[in-house]
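The block underneath contains the structure these notes are about, expressed in structure tokens.
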Ligand SMILES: Cc1cc2nc3c(=O)[nH]c(=O)nc-3n(C[C@H](O)[C@H](O)[C@H](O)COP(=O)(O)OP(=O)(O)OC[C@H]3O[C@@H](n4cnc5c(N)ncnc54)[C@H](O)[C@@H]3O)c2cc1C
């Protein structure tokens with residue numbers, strides 16, 4: 001079988017399509033294999049951080065995302081007991097980003113924006129109903145087995161990016177371990193069109209509400225609020241998914257308000273795992289295929305997009321003979337270490353903070369009282385600090 005001069009990408013989620021868009025922009029031919037018959041409509045990630053918006057701007061995706069989303073220049077921490085305890089405003093880091101705000105929009109909006117821009121561009125191909133099953137490689141090529149409409153096909157190309165999500169077939173086919181743990185708690189997301197602004201004065205689009213018994217966070221997207229609750233292990237999945245259970249939880253959000261209109265409820269398991277390596281020969285892992293974490297702080301998809309941008313910049317240089325293949329090891333060094341050092345640590349700490357309202361309140365007030373600490377804190381929350389740290393890692 002002849003080897004195609006192309007990069008293969010498994011998965012047309014936000015990470016796979018950002019990788020594709022970056023490579024095509026750099027003149028590298030790409031084929032994306034997507035298991036689904038169309039782009040996923042699942043609404044998981046809804047927060048895009050400032051440096052991610054900076055990166056998406058170069059792909060022409062930030063302005064369409066803003067047009068379809070909400071700009072959130074500030075976010076708040078609250079406790080159930082005290083109400084608002086701290087508000088942070090991204091204008092304090094306006095010297096470090098061209099987008100000193102978050103954008104609240106579903107990840108399925110980004111994938112559609114990217115695919116619309118990619119279609120028809122020279123070098124871009126996408127195959128739906130095409131599930132990666134196996135990977136083999138030698139010194140100059142990588143061969144993938146794809147199940148397409150029930151039949152197995154093989155294709156050989158130059159490099160492979162596995163962006164096929166948390167259950168990544170690429171990671172399994174490469175035999176890469178996915179170390180970490182699964183929390184015993186689960187996360188229930190309840191979406192409602194109820195207008196929380198009308199009952200909570202001064203509410204921002206992103207709010208984390210700490211409570212020792214049951215914390216939640218309130219995120220606004222166009223037309224809906226998503227309220228996320230941590231569910232402890234003593235409640236069964238069957239109990240959680242009932243309408244009554246969701247209403248009981250929602251009744252704890254604003255005292256005196258009950259019987260919400262509920263648009264969707266979705267239950268998620270929550271994991272903290274990082275792949276043992278992000279590179280094996282001519283194959284790479286990126287996004288949820290490489291690392292998963294709890295959604296507190298919105299770092300999963302954002303970190304995955306940062307992986308895709310880091311990797312594809314190096315791969316384009318190697319493709320065009322501007323760098324040797326050893327350059328690609330720096331992707332693993334930088335992105336795996338920042339994932340372990342910062343993203344995993346911070347998302348675990350974010351969960352602990354919401355469970356300990358009093359110490360959390362004191363630590364936030366100390367940060368707020370000191371402009372230098374506020375600046376550093378915003379760099380961390382916005383993920384600019386992880387990108388700076390990646391550069392330091394060489
Ligand atoms: C409730 C919740 C809220 C979240 N909120 C945020 C947030 O606000 N901000 C944030 O940054 N992150 C958030 N996340 C995490 C975020 O959703 C993920 O990190 C993100 O979806 C990862 O993108 P991805 O492209 O790596 O994988 P995915 O989005 O999972 O996409 C993988 C794609 O690969 C395809 N695929 C799977 N297997 C194969 C195969 N074998 N062959 C070919 N294709 C395949 C799938 O069909 C899919 O299209 C949240 C997660 C949850 C659960």
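For region 237-394, just say rounded, prolate or oblate: build the C-alpha gyration tensor, square-root its eigenvalues into a ≥ b ≥ c, call rounded for a/c under 1.5, and beyond that prolate if a/b exceeds b/c, oblate if not. If you can, show how the numbers build up before the last one.
Numbers: a/c = 3.05, a/b = 1.65, b/c = 1.85.
Judged from the Cα gyration tensor, region 237-394 comes out oblate (a/c at least 1.5, b/c at or above a/b).
Hey, what did region 243-394 get for relative contact order, percent, Cα under 8 Å, at least 6 apart?
Numbers: 119 pairs, mean separation 29.7, N = 152.
Computed value for region 243-394: 20 percent relative contact order.
As a footprinting exposure proxy, order 276, 351, 232 by other Cβ within 10 Å, with the fewest listed first. Please report the intermediate quantities before stating the final value.
Values: 276 13, 351 20, 232 10.
With the sparsest Cβ surroundings first, the list reads 232, 276, 351.
Take the Cα pairs of the chain, get the Kirkwood Rh, then feed it into Stokes-Einstein at 25 °C and 0.890 mPa s and tell me D in µm²/s. Please list the in-between numbers first.
On the way: Rh = 21.8 Å.
Translational diffusion coefficient: 112 µm²/s.
For region 330-394 and region 144-203, what is the separation of their C-alpha centers, rounded to whole Å?
23
Would you please put 323-332, 209-218 in order of how densely packed they are, using the mean number of other Cβ atoms within 10 angstrom per residue and starting with the highest? Intermediate values should be presented prior to the final figure.
Details: 323-332: 15.0, 209-218: 19.1.
Peptide ranking by packing, descending: 209-218, 323-332.
Relative to the first principal axis of the alpha-carbon coordinates of the chain, what is the inclination of helix 345-355, with its axis defined by its Cα atoms, in degrees from 0 to 90 and to the nearest 10?
Once rounded, the angle reads 20 degrees.
Sorted by packing (mean other beta-carbon atoms within 10 Å per residue), highest first, where do 358-366, 24-32 land? The partial results should precede the final answer.
Numbers: 358-366: 14.3, 24-32: 19.1.
Per-residue Cβ counts within 10 Å, averaged per peptide and sorted highest first, yield 24-32, 358-366.
Add -39500 (n - 2.57) for each DSSP H run of 4 or more in the chain, then divide by its residues: what number comes out at 222 nm, to the nearest 500 deg cm²/dmol? Could the numbers behind the result be given before it?
Numbers: 12 runs with 119 residues, N = 394.
The helix-only estimate for the chain comes to -9000 deg cm²/dmol at 222 nm.
For region 274-325, what class follows from the C-alpha gyration tensor (a ≥ b ≥ c being the square roots of its eigenvalues): rounded when a/c is under 1.5, otherwise prolate if a/b is larger than b/c, else oblate? Don't skip to the answer; put the middle values down first.
Working: a/c = 4.47, a/b = 1.93, b/c = 2.31.
Oblate is the answer for region 274-325, as a/c is 1.5 or above yet b/c matches or exceeds a/b.
For the chain, what is the percent of antiparallel DSSP beta bridges, rounded to the nearest 5?
Details: 57 of 76 bridges.
The antiparallel proportion sits near 75 percent.
Once you put a point 7 Å from the Cα of residue 356 and another 7 Å from the Cα of residue 74, both along the Cβ direction, what distance in nm separates them?
2.8
What distance in nm separates the two pseudo spin-label positions at residue 214 and residue 234, each 7 Å out from Cα along the beta-carbon direction?
1.3
Treat the count of other C-beta atoms within 10 Å as a stand-in for reagent exposure and order 146, 9 from fewest to most.
Numbers: 146 21, 9 31.
Ascending number of Cβ neighbours within 10 Å: 146, 9.
Would you work out if region 1-56 is rounded, prolate or oblate? Take a ≥ b ≥ c from the square roots of the eigenvalues of the alpha-carbon gyration tensor; rounded if a/c is under 1.5, else prolate when a/b is larger than b/c, oblate otherwise.
On the way: a/c = 4.06, a/b = 1.42, b/c = 2.85.
Oblate shape, in that a/c is at least 1.5 and b/c is the bigger or equal ratio.
Peptides 282-294, 333-345, 248-260: what's the order by average Cβ count within 10 Å, highest mean first?
Numbers: 282-294: 27.6, 333-345: 20.1, 248-260: 14.3.
The densest-packed peptide leads the list: 282-294, 333-345, 248-260.
In whole Å, what are the Cα extents of region 301-363 along the three principal axes, biggest one first?
For region 301-363, the Cα spread along each principal axis is 56, 17, 13 Å.
Coordinate-derived values only; no laboratory data. The shown structure was predicted, so the numbers you read here are calculated from the model rather than taken from an experiment. We place every Cβ from the backbone using ideal geometry, glycine too, and count neighbours over all the protein chains shown.
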